[in-house]
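This report concerns only the one structure given below.
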Amino acid sequence: MLMQGFVAAPGGAARESRNMPLLAIETTCDETAAAVVTRRREVLSSVVASQEKLHARWRGVVPEVASRAHVERIIPVIDEALLRASIGLGDIEAVAVAVRPGLVGSLLVGLAAGKGIAASLGVPVVGYDHVAAHLYACRLGPDAAIEYPCVGLVASGGHTSLFLAKSPLELDRLGGTIDDAAGEAFDKAASLLGLGYPGGPEIERAAVGGDPRAHRLPRPLASDRERLDMSFSGLKTALRYLVRPPGAVAEGPPPRGRELADLAASFQRAAVDTIMAKVELAVDRSGCRAVAVGGGVAANTLLRESLESLAGRRGLRLFIPPRSLCTDNAAMGAIAWERLERGDDDGLVLDVTPGTDRAASRRKP
Ligand code: KG4
Ligand code: ZN
């Protein structure tokens, strides 16, 4: 029923003779996304249907709600991506699907759609890793580039990891969070401050004009030069006790005005300091002269400015995608070209490998 919007496919001969784009699909968590990207990594279209409103009342992603919403949206979203790229399904050279990590129910929706389209067109289908794709977003856009080897930082709602990136598909994990992901910490902090979901942009807005030194918040592990691990849960707990001191009987009204701005700014500064300490340590340890960054938290202005200042101070080359390509999108599925160009085709045996449940720990604190 939902397929009716698709444009009819031209024949296979056309497919062989033209330089045709890739259709990429992303349904790892709570965004239903599709994009059309050329072999030259030019993004012809990128459509993201966010489920933010659906999950807002729970202040975190509810897996079952997410899966159902993906089922409803996946075909219209793909349809829209093709329409915006001014192409039909038959103009697609291959299909790419994010197959890990993510919520199993969500991943399966994208997988079914991707395999179905590839099988019906007789084109290759390849799976790609969502986290590696976040870094690959640095390669998208007119002047975009990424240099290897580099230190790769992916900071999102489900992941906060540092990598030694040797090539787009070879990421050696150097360290990362041992508890909450950075984005998850922003989401939980926002919830504590009575702000909406997703918390990152809300905290960023609330922090404007606030004093980041107003409250002394911890930067766990930040001064530990032995480990590339990060921790955010103690920071969240410290904020919780600032908002509601231990022993307080009733929950007071959420902070407002200057008080809110100071709390948000102090939290944001502590979270960014925690990340930056380990990025710098990773640079020192690896000897890399380049840093690439991706994931929703990389949209944060304070983090971007801190990375730019580190790069300036240390003479590093910094690769960072535009904000719209930091948060979840399918354009970063362009990473699949790296596999298609070497002739890979996962075929119909392609399956999902969910890994960690990205929503389980993203609930209201
Ligand atoms: O990469 P992403 O869209 O999804 C995952 O792969 O998880 O990241 C979403 C996360 C959310 O936790 C959100 O609060 C955070 O990225 N985020 C931000 C900002 N924009 C999104 N965190 C801090 N500052 C932002 N401006
Ligand atoms: Zn993501």
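Key figures for this structure:
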quantity	calculated
Candidates Ala112, Ala132, Ala66, ranked by Gaussian network fluctuation over the chain, Cα under 10 Å, top entry	Ala112
Mean residue ellipticity (222 nm) of the chain, computed from DSSP H runs ≥ 4 via -39,500 (n - 2.57), nearest 500	-12000 deg cm²/dmol
Where labels lie 7 Å past Cα in the beta-carbon direction, separation of Ala56 and Arg40 in nm	4.0 nm
Probe 1.4 Å, protein heavy atoms only - accessible area per residue of the chain in square angstrom	42 Å²
DSSP bridge pairs, the chain: antiparallel proportion in percent, nearest 5	60 percent
Extreme residue, positive dipole direction of the chain, given options Leu140, Leu23, Val95 (C-beta unit charges)	Leu140
Kirkwood-type radius of segment 255-302, with distances r between different C-alpha atoms, in Å	12.6 Å
P(r) histogram, all alpha-carbon pairs of segment 142-320 included - 5 Å bins from 0, percent	1, 9, 17, 21, 19, 14, 9, 5, 3, 1, 0, 0
Share, in percent, of DSSP beta bridges within segment 142-320 that are antiparallel, nearest 5	60 percent
Carbon plus sulfur fraction of accessible area for segment 61-213, probe 1.4 Å, in percent	54 percent
Values of log10 I(q)/I(0), in the order q = 0.10, 0.14 Å⁻¹, for the chain under a Debye, Cα-only, solvent-free model	-0.62, -1.12
Unit charges on C-beta of K, R, D, E only; dipole of segment 199-246, Debye	180 debye
Unit charges on C-beta of K, R, D, E only; dipole of the chain, Debye	880 debye
FRET efficiency, 1/(1 + (r/R0)^6) with R0 45 Å, evaluated for Tyr241 and Leu83 via beta carbons	0.30
Highest-MSF residue in the chain out of Gly152, Gly252, Gly176 [GNM, Cα springs under 10 Å]	Gly252
GNM flexibility winner over the chain from Val293, Val123, Val249 (Cα, springs under 10 Å)	Val249
Student exercise, segment 142-320 dipole from Lys, Arg, Asp, Glu Cβ charges, in Debye to nearest 20	340 debye
Qualifying GluC sites (Glu not before Pro) in segment 197-285, DSSP loop, other Cβ atoms within 10 Å at most 12	Glu226, Glu251
Rounded to 10°, Cα long-axis angle of helix 104-121 versus longest principal axis of the chain	20 degrees
Pairwise FRET efficiency - Ser223 versus Arg289, Cβ, R0 = 25 Å, nearest 0.05	0.55
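The values are calculated or read from the model by the stated rules, or taken from the named source; none is laboratory data. A quick note: this is a predicted structure, and the numbers were derived from the prediction, not measured. Because the Cβ atoms are built from the backbone with ideal geometry, glycine has one as well, and the counts that use them run over all protein chains shown. Calculation scope for accessible area: heavy atoms of the full protein, side chains included, ligands and nucleic acids excluded. Shrake-Rupley method; radii C 1.70, N 1.55, O 1.52, S 1.80 Å.
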